[in-house]
Structure formats: structure tokens, C-alpha cells
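Each remark here refers to the structure printed beneath this line.
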Amino acid sequence: MPAELPKAYEPQKYEDEIYQRWEKSGFFAPEAHPPWVDNPDDPKRPYFSIVLPPPNVTGTLHMGHAAMLAIEDVMIRYHRMKGDKTLWLPGTDHAAVATESKVESKLIKEEGLKKPKEELGREKFLERVNKFAQESHDTIVNQAKKMGASLDWSREAYTFDDKRNLAVRTVFKKMYDDGLIYRGYRVINWSVKGQSTCSDDELVYVERPAKLYYFKYSKDFPITIATTRPETKLGDTAVAVHPDDKRYKKFIGKEYKVNFLGQPLIIKIIADEGVNPDFGAGALGVTPAHSAIDYEMADKNDLRMVRVISQTGHIDINEPENIHRENDFYVDSTTWEAAAAAKKKFNGLTVSDARKLIVEELRNSGLLEKEEDISQNVGTSDRFGDIVEPLPKTQWFVDVNKKFVLPHSEITGIADGAEVSLKQLMHTVVENNQIEIIPDRFNKTYFHWIDNLRDWCISRQIWYGHRIPVWYRHTPPSTTPLKDGSFIKTRIVSGDMYVGVNPPDDVENWQQDPDTLDTWFSSGLWTFSTLGWPEETIDLKTFHPTSVLETGYDILFFWVARMILMTTYTLGTIPFKTVYLHGLVRDEQGRKMSKSLGNIIDPLDMIKDYGTDATRLSLLIGSTPGNDMKLSVEKIAGFRNFTNKLWNIARFMLMQINNEQLTTNNREPEAKTLADKWISGRLMEVTKQVTDNIKQFRLSAAGEALRAFTWDELADWYLEIAKIEGNKSEILNYVLNTLLKLWHPFMPFVTEQIWSEMKVQETKNKEKFLMVEKWPQVESRAEVGAEETKNNFVLIKNIVIGIRSLRADNKIETAKKLRAMVNAGAKASLLRENDEIIKGLARLEEFKVEEKIEKPKTAVGFVEAGMEIYLDLAGVVDFDKEKKRLAEEIAQTKKYVQAQEGKLANKDFVSRAPAAIVEGEKKKLEEAKNKQAKLQEQLSLIHS
RNA sequence: GGGCGACUAGCUCAGUUGGUUAGAGCGUUACAUUGACAUUGUAAAGGUCAGAGGUUCAACUCCUCUGUCGCCCACCA
């Protein structure tokens, strides 16, 4: 007998050591193919690759990461065991804003700096950020290792390292040359707090109460407008009404010179379909400089743009584009003086102070007609948290609608050299199914997002990020608009500007654009920048497009869509074939886990208390793609129990396997008994189920099938039978080998540990890994009699269950041996062959199998598959109770019989349903009728 | 305002093209326990599949409507 395993599995004892051995073995890298692969260098050998969604470098592992790592590791380990060239490439994300502000507040807190960026300067500050990132990098990496993730650390990438920076610069330059990146003066989302732009997707809308003010700009203005932001009206250049609004139709096209509390305005009345005549006053003041929607309206109607709010969030009506001395409106000196007074009055006020003042003045001058409480959606900055101030600035944009020539295309439906837009590319690859999104309902969301996509603002005013590879001869060109009468039209500022992958030769005469790129710009390149692009590396050729992208559905737009954009544009191909979206991990009440709620389940605590395998299973089983999952400590504890169960199953099996016969060589032995045949058949079925389910990304179903097999069939039945039949070395060995392999992707540690105990027994060599064993094959052998085997076994099983059930009902203690007998009819020989099993499992001293038998007087009975089984209770039976029990069962059976008869009496059913279904229902009816009759007979035989 | 999802046992969830007497885990109840495992075993209770219509021989499954909850998108200013 092999050396015994400890009674309980203690994950903490093994996990770290196993991970180190795995890592040292080199098998995480695709170069180290499993030893049994015959043709490792065959170019046709399939590959499987996943690039890990990079966690923030300064972050710590949370359950979301844990779920991601567990799901991806299952896929990776499965494909590695299948013999594919398998690469799982790790990396971390520099998380520009998040990291920068973390370091900033750290410097303030710990070193007493007031404004760290100003005080240290760009270079020194970035040094500090880099240092911090470097230090905390190891934390998240080590935590990923704790999860058992079989990542190829030799290829680790960072979104902000030199290689990725080169990729970023290269793509930027290419897009600029194609005219897809432009510098423009447009209304963008500005975070006053963060002093930076943010993209449309980074806005979070918050519902809050607001006041809607109704007023006229001045007494002589004909239309009342309504607004929640009176202070922006200082920059109005139009009033918009619905084209069909009878009240206002006559004003459309007219232009008014008004004095708005001292501020001179020229207001044009325009018509726009978007104006809702029933909301507010049915007329709205158009502020092109401080509202994205007004900006679009202004663009359509060729309006002027007057900026009145500065980037610090103060009123500032002194911007160059605001004062138009050429305009005859201002020739009038009184107006000019009024304008000067207005400036003096409002300038320097914060937005909210200005609002108060304006409302006050409107009220005093009798212009304010109404105040109304409404609820309003305001956009806040996801990163900084403050309400975003739309204002015009010169920024860099990616044009998503502009057509360009795609020289090389591997995209179905788009030919080499075709003229396309980025939007079209993004649309096509999902529509033509080159990229499959799981679950597929997210296709709809994705298309909707693309259809509404506007140009992407990519420049940010923070320091920790990829610097824009643009240099200006002196200072950045002025943002003063051209004197073409149009203050709206996007224009690309030319002049002394250099765009290049590398700095200009005489860089000392140039100044680089101070801005950095949106972090998603570099993340968008992730699948190919990590593989070495722009170099033409072997990795790129071998592993791209990647097989699967697995990530949370919450970053479908931020990241997944941008990767599709960047990859189709740059390489003319898809970044990945399948997108697997997992849900959010929530607490047991369905709430998000957060510090403030104190409901965080820390994966590292769980690993410590219950082991990694249990933690992984709790995230894998019982959750489906795209749906949030609820997690509780109890669930994890439950899987800890299962881990221990598996350990003890193995422990027992190893004790049953004869020392000389122990082998990790997986040949299926000949099945001798019915139970043997049954368990081999079931194992084969389960192998097929698990394999199919993993292939179809149904990991929960795969795990659930395996769990049910392992516990309910193998442990509860076959191993119990093995105790009775004995002498099962070979088959137990085979089942154990297969079982460990099937479980390995889900619970790598406990399976590897058991395997290495076996390896030591067998070869005295620990350095052979289950991790690279060959995945069990599903043999397409002819399953002669497989169905019959199963049915026969189920019959035995049901007899045992029936007897146990009667015992329990009659409160017979487990230890007491009873006598049972059966009217076996045609099944007599089957039951005789297996009577030891029945006797053992049902605790019988005698199991009498006869073709025909009379019911003993002191017995109770039941009917199974047409046989009557009697359990002799030797006088302890309570006949009243027994009568009741039988009557209940008869009633139930009767109900079923009636239902079946009704079904079969229905002519439509018999004529229209497939013959096989009808046959099946007939058979069920016969069996039930038979059962009913026999139960009836049993009842009638009770004389009390 | 538009869209999506969920609603199945006390709780957490499976249920793959329509055909099962609707399943699992946890929990509950009863009994057991030095022989692989109490991180256990045996047995049991527990469901009008949110509601109403419809299609069909047949609906948890397909269609329509309603309700409750959740999420995403959308700057009625």
C-alpha cells in the first residue's frame, strides 16, 4: 500500500511550493511544450492565447481579479493539457490618472507638500510616480501567483514601458498621417478639479434636483427662455425653438441685439428639431461654448461661440474670442462701456456665485418669470468626481467617421485597399462574426455604442502617461480662431508643428506637447503591443489574433471596443476571436463590494482560510457569463469541503491501489463487474461533457458535472462498492488519473499535490507535472450495451435506496441487519450477480432473489422497475403507518397514470408528436400502471 | 425617453435547439458515526417555474402584454 496521505487537505502547506515548482519548470511558457507532444514545431499545431487584462499597477487583488484569473486559468490549463501552443501573457496597467493622483495625495500626506506637481516639477514628480509604481507592482503580481495563475511571466509587459511607448508613438504617427488624428478647437468635457479633459465614456451621470429658471434676456427681447444654468447665458449667441412651434415661428431667422444684465449679446433665433416645445418655455438659449449639444446646434447653424467660463471654473468674459471689436455692435460706445462694466461685475466669480448673482439681478429687474424644481442628469467625471464643465479647448481627437484607405485587410467583407472609417471597421468585425461576444446579447449594446460614437478626445492634461509625440517650434500655436467668420468649425492648427515617432533632430529648438494620451489609447494596442509590435516578432505571427479576451462587461466600451478599433486599423485584423464577458462579483445581498459598506471579501483572506482551489471554484461554479454573481464566505467554505472530499477520495483510492500497480499511465483496464462497467462509462460521459462545456465556455456547467460525478457517483456509490467487491487496483488507478486531469484546470493545487504523491510512489520523481499531462480523450468506441449497463446499475441503486428509505421510515437503526427478498422475474440473474453489493449497501443479512415470491407477513415493500421488493421488519413494523405510506404512493402513481392516459387519449398528440415520444409515453404509462397494481396488491395484503 | 437583464425550493443559482413525475448547493428535519472523509454518511420535507393572454399535440423553454428589482445608454435646456 502506498504511503498514506494526511487525513485532511491543508492547502497552505502545499500551494506556494507547488507554484514555485511550476514556475521553475518553465511550462508556463509555450516554448516548453508538454513532453508527450510529438510535433511541437509543426506550424499547424493549434495555438491558444490570452492576453491578461492588465490590473492597475498600484492596485491590490480583489474578487473581480480573482474571478478573471480563475476563468482564464481554466481555459489556459485546458488548452495546455490538450497540447496546444498555449500562451497567457501577463501585464500591468499604469492607470494614468489613478496612479498619478494616488502618488500626489501620498506626497501631500507623507511629505507635507502642498502642490507636489508644481513643487517638484514634471521630471522629478514622474520619477516619484515611477518609483511608486515599481514598488507596488510586485504586490499585484505576487497576488496573481497566489491564485495559481499559470501566466508566462517571462513575457510580462507594462502599459507604460519603452516597448509599449514605441507602439503608441508609431500608431499615433500613422493615424496622424492618415488624417485620423487631428488637433481641434472644440467643446470638450473639462474637470475643473482634475484640470484635465475626459472622454464622453468617462462621464458618469448623476441624477440630482435642480431649478429651472424662466426669464427674458431683457425687457425688449420677445421670447422667454428656460435654463438651469443662467450664468452660461452670458455666452449665448442664439435662441432655439422648434420649427413648428406656432408661438415662435415668426421670429425664426431674426437677430436681436440685447443687453443681458449689462452683457451685450447678439441673439439669432434658430429652429431645431431637437427642441421640445412642451418642456420649459419651449425655447432655449444656445450657449455654443458651454454645452456639447449647443455646440452641435451652433455648428449646424453657423453660430458664433463665446466663451465665458475659464478652465478654473470662474466667469471670464475676457477671452480673445469673446470680444469682436470688428463687429458693428460694439461700435456703439455705450454698449462698449456696458460690456466693460459687465466684465467687471462678473469676472472672477465662481460659476455658482455668478448664478446666484444673476438670478438675484433677474429677480430685481422683474425679468425672472418663474422658478421650477426639476430633476436633472449631470455629467460627473468618473476619475475626479466633480461635475464636468463643458468648455472649448484645443485638443487632440481621433476622427471615427473619416474614411481612409486600409491597405491590408484580413477582415471578412473588407478588401485590401478599401476606403473605410474606424466606425465601419468596428462594426464589421462583430457583425460578420469574426469576433464573437459571449453572451451575444452584448452585440446589441456594442452596436448601439458605435452608432452614437463621437470623435474621441485623446489628450489629457496629466503627466503620468504616454506623452503626445508632437513638437512645436516654440510654444504651442495659439488657440485664437481664424478670422473666417466661423468660430465653430473644427480647424486643424498648422504652423510649426512636428509629428513623429521620434523627436525632431534639432529637438533643442522644439518643445513637446505637454499633454499625455488617454490611457485607453495605449490599452487599445494591448493584444499586439504585448507581442512585440511594431517589430515583426515570432510571437506576433504565432499568437495573434489572440484566441480569447476575457474581461468584465463594464469595460466593453472603454477597452474592448477600443482594442477592436486600434487593431483593425493598425493591423487590418481582429485582436481576438472571442470576447468572454464575466459579471461583477457582489456580496451575498447583491451589493457592490466596497470599503464604505465594509462588505469586501478579500480573496487573499479566503485563500488563507480555505485555499486557492476553493476560492477558484466558488467563482467558477454557479456563475454564467455576463451576469453578476453573488459571493459569500459560506459558498467558499462549501468548496473547501469539496476540496477536502476530493483529497479523501484520492486518499482512499490510493489505499485501495496495490503498490506495484500504482501508475500515472492512463490506460483503461477491462471492466469486470457491472459497477466497473458503469463507472467507466460514466467517466467517459463526464469527460465528454466537461470537454464540450469548456469548449463552449460553459465553465460552470463543466465544473458542476464534474462535482456531481465525483461526489454523488464516484464517492457515494462506486467507492462504497469497491469496499465490497475489492481488488480494484487497476480501475481505481485509471479513474483517479482521469479524474485528477479533469479537475486540474479548476483546482490546480490539490490535484497537482495528489499527482505528485503518486509520482513519488511510482517513479520517485516529483518533477513531473499533472499540469502538462495529456487531457483525457473521448474515445468514439462502440458503446455496446452501454445503455443497458447504465439501466442495470440504476436498478441496483434504486433497490438500495428503496430499502434504505424503508428503514429510515420505520426507524430501524442503521446497524441492524435485515432480510429482504425480491420478485425478480427476468432480472433474477442480474440481481443475483450483484447481491453482495445490495446486501452491503443496504445492510442486509440476506437478499433472497426469486423469480416469484409471496409477501411475508412481517414485511413492508415497494415496487421498482416492475419488481416487488420486500423488507422483512420482523415484527417491528407499524402497519397503520405502512398502510398510509402505501396509500399515498398509490395516490401519487394514480395521478400520474391518469395524466399519462389523458395524454395518450389525445388523438392530436398521438398523430402529431414524433413516434419515439409517443412510444416513450406509452412505456411510462405501462410501468406506472404496473407499479400501481403491485402497490395495490401490497396494500391489500396488509392485515392488521 | 430608449435598450438590456433578472424573477424557478427558505437562501444562492442550473435548466443548451419546446417532450424530465422541474434539478443542484447551502439551510432545515430525522437518524447515524472509532475503518477515506464530521470539512462526513443515510433518509426526508420543501416549487401553480412573477402574473395574464397567445402559438403548439406539448410551454420553465417561443410570442404579446403587465408587475417588481437591477443595469446600460441618452446633456428635455
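The values are calculated or read from the model by the stated rules, or taken from the named source; none is laboratory data. Quick caveat, the model's predicted, so the values are computed rather than measured. Cβ: placed from backbone, ideal geometry, glycine included. Neighbour counts: every protein chain shown. Note: accessible area is taken over every heavy atom of the protein model, side chains too, but ligands, DNA and RNA are not part of it. Shrake-Rupley method; radii C 1.70, N 1.55, O 1.52, S 1.80 Å.
Brief remarks follow.
- Residue list for region A:245-285, filter: surrounded by fewer than 15 Cβ atoms within 10 Å (Cβ to Cβ) and more than 14 Å from RNA strand B (Cβ to nearest atom): A:246, A:249, A:250, A:253, A:254, A:255
- Residue satisfying condition, being open to solvent by less than 50 Å² (accessible area, probe 1.4 Å), near RNA strand B (Cβ under 8 Å from one of its atoms) and part of a helix (DSSP H, G or I), within set A:652, A:558: A:652
- Selection from region A:77-94 of residues that are more than 15 Å from residue A:551 (Cβ to Cβ) and out of contact with any His (no Cβ under 8 Å at 6 or more places or on another chain): A:78, A:79, A:80, A:82, A:84, A:87, A:94
- Long-range neighbours under 8 Å by Cβ, at least six apart or interchain, first residue within 17 Å of residue A:624 (Cβ to Cβ) and near RNA strand B (Cβ under 10 Å from one of its atoms) within region A:691-714, second open to solvent by 30 Å² or more (accessible area, probe 1.4 Å) and in a helix (DSSP H, G or I): A:693/A:701; A:701/A:689; A:705/A:689
- When residues in region A:286-310 are screened for being part of a helix (DSSP H, G or I) and either within 23 Å of residue A:380 (Cα to Cα) or within 10 Å of RNA strand B (Cβ to nearest atom) (or both), 6 of them pass.
- Taken over region A:183-220, the residue count meeting the criterion of being of a type in the set (Asp, Glu) and within 9 Å of RNA strand B (Cβ to nearest atom) is 3.
- Residue tally, condition open to solvent by 20 Å² or more (accessible area, probe 1.4 Å) and either within 19 Å of the chain's Cα centre (by Cα) or more than 30 Å from residue A:436 (Cβ to Cβ) (or both), over region A:697-716: 8
- Condition met for residue A:828 (assigned to a strand (DSSP E or B), surrounded by 14 or more Cβ atoms within 10 Å (Cβ to Cβ) and of a type outside the set (Val, Ile, Thr)): no
- Breaking point among (1) open to solvent by less than 40 Å² (accessible area, probe 1.4 Å); (2) near RNA strand B (Cβ under 8 Å from one of its atoms); (3) of a type outside the set (S, T, N, Q); (4) under 16 Å from the mean Cα position of the chain (by Cα), for residue A:616: (2)
- Hits in region A:22-68 - residues which are modelled with pLDDT under 95, more than 30 Å from residue A:136 (Cβ to Cβ) and touching a His at 6+ places or on another chain (Cβ under 6 Å): A:40
- Matching option when the condition is open to solvent by 40 Å² or more (accessible area, probe 1.4 Å), modelled with pLDDT under 95 and β-branched (Val, Ile, Thr), among A:187, A:192: A:192
- Just one of (1) more than 9 Å from RNA strand B (Cβ to nearest atom); (2) over 23 Å from the mean Cα position of the chain (by Cα); (3) not charged (D, E, K, R) fails for residue A:636. It is (2).
- Residue A:598 falls short of the stated requirement of being more than 15 Å from RNA strand B (Cβ to nearest atom), small (Gly, Ala, Ser) and within 24 Å of residue A:53 (Cβ to Cβ).
- Test: residue A:16 is of a type in the set (D, E, K, R), open to solvent by 30 Å² or more (accessible area, probe 1.4 Å), in a loop (DSSP other than H, G, I, E, B) and more than 16 Å from RNA strand B (Cβ to nearest atom): no
- Any hit, region A:243-259, residues being under 30 Å from residue A:386 (Cβ atoms) and of a type outside the set (Asp, Glu): no
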